[in-house]
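The values are calculated or read from the model by the stated rules, or taken from the named source; none is laboratory data. Since we're looking at a predicted model, the values are computed, not measured. When we count neighbours, we look across all protein chains shown, and the Cβ atoms used for this are built from the backbone with ideal geometry, even at glycine. Surface areas here come from the heavy atoms of the whole protein model, side chains and all, with no ligands, DNA or RNA. Shrake-Rupley method; radii C 1.70, N 1.55, O 1.52, S 1.80 Å.
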Amino acid sequence: MSMNISMAALARWAGMLFLSSLSCLIVTAGPALADDNAGVARVSLLNGTVTMQRGDSGDTIAAVINAPVMAGDYLSTTAGTSRAEVQLDDADFVRVGSDAQVRFTQLDPTQGTVQLATGTVELRVLHVTDFHPELQTPSIAIRPDDAGRYRVTVNGDG
């Protein structure tokens, strides 16, 4: 059995494939443009038992290296030797000590807000950029103006 395909039929098929691909690209590009201001941090280091509770679904999962962290997510470490580090951008990191719980409330291109419920964290600012990290506790908010390491502890009574 031989197949004879005319050039016109082949051109129509290629044109339909191109239009189909283009429409898929346009459909998928729409939401990405709408979420341009939504930032994403990442888990950069882990030690021990660290869990994440997703803000969008409420699911609690084991944290893994390079896992995305979105606004609304919680990160918790257990007592003992559990620790984690979350990279907010190329110059700002949050190191979470053992037996701590933090919530990432805002992650956009100019602001990163982390709430510390309990435990100890260290906010590391390698150099000042247009991104402004803020660490909130039940009684105070810290927003560094200079590069440095800022260690904050919230004990059991707040």
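Which residues, taken from the range 99-136, are of a type in the set (A, V, I, L, M, F, W, C), without any contact (Cβ under 8 Å) to a residue 40 or more places away in the chain and either open to solvent by 10 Å² or more (accessible area, probe 1.4 Å) or part of a strand (DSSP E or B) (or both)? Within the range 99-136, 102, 114, 116, 117, 121, 123, 125, 126, 128 qualify. Only residues that are over 28 Å from residue 60 (Cβ atoms) and open to solvent by less than 60 Å² (accessible area, probe 1.4 Å) were counted in the range 137-146, giving 1.
Those residues that are more than 22 Å from residue 113 (Cβ to Cβ), surrounded by fewer than 16 Cβ atoms within 10 Å (Cβ to Cβ) and hydroxyl-bearing (Ser, Thr, Tyr), I need them from the range 52-92; list them, please. Result: 78, 81. Within the range 74-94, the set of residues being under 18 Å from residue 120 (Cα atoms) and either in a loop (DSSP other than H, G, I, E, B) or basic (Lys, Arg) (or both) comprises 78, 79, 80, 81, 82, 83, 88. The lone criterion from (1) part of a strand (DSSP E or B); (2) surrounded by 15 or more Cβ atoms within 10 Å (Cβ to Cβ) left unmet by residue 45 is number (2).
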